[in-house]
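Colleague: Just dropping this structure here.
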Amino acid sequence: MKRLLLALSLGVMTALGAHAQDDNIIRMNQVAFYPQQEKIAVIEQTNKKTKVTITNALTGKKVGTAKFLRISQSPWSKKQRMVVDFSEVKEPGSYQLECKGRKMSFEVKPKALQGVAAGAIRAFYLNRSGMAIDERYAGEWARPLGHPDTLVLVHASAVSPGRPEGAVISSPFGWYDAGDFNKYIVNSAYSVGLMLCSYEQNKAYYDRLTVNIPEQNNRTADLLDELMYNLKWMITMQDPYDGGVYHKLTTPNFEGFVMPTDCHQQRYVVQKSVTASYDFAAVMAQAARIFKGSHDYPHFSAHAVHAALAAYHWAEQHPDAFYRQNDMNAHFQPAVNTGEYGDGNAQDERFWAATELYLLTGDPVFRQAAEQSQPQQFAVASWGNVASLGVFDWLLCHDDPIAQKSSEQLIDFCQRRLATLPESGFHTPSGNDPRDFAWGCLAETFCVQGMTLLYAYKLTGDARYLAAAQHNADYILGRNATGYCYVTGFGQKSPMHPHHRLSEADGVVDPVPGMLVGGPNPGQQDKTPGYVTYSSSEPDESYLDHMGSYASNEIAINWNASLVALFGWLDALEIAQ
């Protein structure tokens, strides 16, 4: 009963019996639609003469027939599918779509995606490091304090005049990065920055959005409270003696699939890097603007300004300080074998950092640095290419030439995405090229591209961009080749076995809810005969709901950040209309 009540409080349709319709031929959003949005379903094993009906789930009365749009053919598997439109169903309520004896339930309602947006934010709380996770907020996913990180050692690669090898520092707070228990500055900065971009575009919405976390009753938006928990950790990762920022806080090797209280490896801060320092500078400057005047965090903004300037200065003085783990291990012990987040080009990080510091200070030195580092074309944001986070913020500066160039690049990118939609397999602007499917594609290809389309909508007012972003959200929620709603705890068929140590080791049947998995990955880097065995090699079908499938079924804070950013913005737009 406790699990059912918690699921209902999150707006989850079914977490119990999530695989009851594994053989269903219907591919559609399994959570909810807004009354006025375009509503599309894709049906397997059908032709244009196949009838698709809509019934009221409470009365069983037929309310309409879906309109046939076209037959789509997969460019890879050559499977043919029927694309149908049932946008005429606008009245809020519970419905069923039925085809060839198969049924799928759906809802039409205001705030259709609010449960997913709030659940995605709350997932960060459930993945916090360094504190006990309270049953009042976590239900059955409560757990005792793990990884206090108050006795962290300075690795031999990270020494400075004030911090020799083996020095003990305190570096608490923050989120576990992904399926593992380590904490990485590069990914943390990107994740926070992406969500702050969405917040700045939708302040009124996020200020009203209530999430079940301990800080929910203060004066700060719950999203900002959650981000502050990670920002407090990031501040501890700066060397006070020179301003450089450690690349990560980590154990030498990944822990097993155990709970945090059963982890016993020593934790270290390792080498300072130029990418971590620029990323840190960028997000601290961005957060300093947004938290200025905060009642709950009155001293943070001033501290963050100083920290951002010091980190930027260090990065400018150390342009070749890239984190190369193999090289580091050849010179320093203990060897570190956890996530690298390696990157051999810091121009995108410099562009983002200079942009944020210019918006914060108005100093033309930073504008000049941003102009020098400005990308020549728009690229979807990721932890390895953060330039578009700077682009997003330049869009606030309408008359600046950098802003104008950024706008043109972004609109050109979005127009090319729209052009693929009419012939797409699942009526989406993303996922129409085999290169769209790779590690973490659901975040970058679908969520972040969807967010980019919303910037285009804001710039132009062209409703096609909004509709396209909604279609990407529908893909995440079930209108895709596998039929999975790719967010844990939501929909009628969602991942039950993510590559996530907490979900595997906590003894709870259902995984931690509100987490976006990486998604189809034809690279299948985790394929292991007899253990991790994929049923298909097609780009959009290379997904496996298996704990061992780190290539397709892991979770990560940057992926969840993109889920928050897109779904929160979509919900804010619906409420504003």
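The values are calculated or read from the model by the stated rules, or taken from the named source; none is laboratory data. Note that the coordinates shown come from a computational prediction; the quantities given were computed from them, not determined experimentally. We place every Cβ from the backbone using ideal geometry, glycine too, and count neighbours over all the protein chains shown. When the accessible area is computed, the model is the full protein with side chains, heavy atoms only, and any ligands, DNA or RNA have been set aside. Shrake-Rupley method; radii C 1.70, N 1.55, O 1.52, S 1.80 Å.
Colleague: In segment 88-111, how many are open to solvent by less than 70 Å² (accessible area, probe 1.4 Å) and under 26 Å from the mean Cα position of the chain (by Cα)?
Modeller: Number satisfying all stated conditions: 4.
Colleague: Looking at segment 318-417, what helices (runs of 4 or more DSSP H) fall wholly within it and have at least 3 residues that are of a type outside the set (A, V, I, L, M, F, W, C) and under 26 Å from the mean Cα position of the chain (by Cα)?
Modeller: Filter on segment 318-417 gives 347-361, 387-394.
Colleague: Sticking with this one: Would you please name the residue that is most open to solvent (accessible area, probe 1.4 Å), looking only at residues in segment 197-208 that are closer than 21 Å to Asn558 by Cα and not aromatic (Phe, Trp, Tyr)?
Modeller: By that ranking, first place goes to Lys203.
Colleague: Filter segment 24-56 for residues that are closer than 25 Å to Thr488 by Cα and either surrounded by fewer than 16 Cβ atoms within 10 Å (Cβ to Cβ) or not hydrophobic (A, V, I, L, M, F, W, C) (or both) and give the result.
Modeller: Answer for segment 24-56, where residues must be closer than 25 Å to Thr488 by Cα and either surrounded by fewer than 16 Cβ atoms within 10 Å (Cβ to Cβ) or not hydrophobic (A, V, I, L, M, F, W, C) (or both): Asn24, Arg27, Asn29, Gln30, Tyr34, Pro35, Gln37, Glu38, Lys39, Glu44.
Colleague: Here is a further query. Kindly indicate which of Ala335, Ala308, Ala315, Ala321 is over 21 Å from Tyr241 (Cβ atoms) and in contact (Cβ under 8 Å) with a residue 40 or more places away in the chain.
Modeller: Only one candidate qualifies: Ala335.
Colleague: Which residue, of Val211, Val258, is closer than 16 Å to Asp296 by Cβ and out of contact with any Ser or Thr (no Cβ under 9 Å at 6 or more places or on another chain)?
Modeller: Among Val211, Val258, only Val211 is closer than 16 Å to Asp296 by Cβ and out of contact with any Ser or Thr (no Cβ under 9 Å at 6 or more places or on another chain).
Colleague: Could you tell me which of the residues Gln317, Gln266, Gln286 is crowded, with 23+ Cβ neighbours inside 10 Å and of a type outside the set (Ser, Thr, Tyr)?
Modeller: Gln286 is the lone residue from the list that is crowded, with 23+ Cβ neighbours inside 10 Å and of a type outside the set (Ser, Thr, Tyr).
Colleague: Looking at segment 497-577, what helices (runs of 4 or more DSSP H) fall wholly within it and have at least 2 residues that are at pLDDT below 95 and open to solvent by 20 Å² or more (accessible area, probe 1.4 Å)?
Modeller: Where helices (runs of 4 or more DSSP H) fall fully within segment 497-577 and carry at least 2 residues being at pLDDT below 95 and open to solvent by 20 Å² or more (accessible area, probe 1.4 Å), they are 557-576.
Colleague: Please verify whether Gly478 is touching a residue at least 60 places away in the same chain (Cβ under 8 Å), under 16 Å from the mean Cα position of the chain (by Cα) and on the phi > 0 side of the Ramachandran plot, treating the condition exactly as stated.
Modeller: no
Colleague: Restricting the search to segment 411-437, which residues are touching a helix residue (DSSP H, G or I) at 6+ places or on another chain (Cβ under 8 Å) and among the aliphatic types (A, V, I, L, M)?
Modeller: Ile411, Leu418, Leu421, listed by residue number.
Colleague: Mind telling me which of the residues Phe173, Phe181, Phe124 ends up being touching a residue at least 40 places away in the same chain (Cβ under 8 Å), in contact with a Lys or Arg (Cβ under 9 Å, 6 or more places away or on another chain) and closer than 27 Å to Phe490 by Cβ?
Modeller: Answer to the check: Phe181.
Colleague: Tally time: how many residues in segment 274-304 are part of a helix (DSSP H, G or I) and more than 26 Å from the chain's Cα centre (by Cα)?
Modeller: Matching residues across segment 274-304 total 2.
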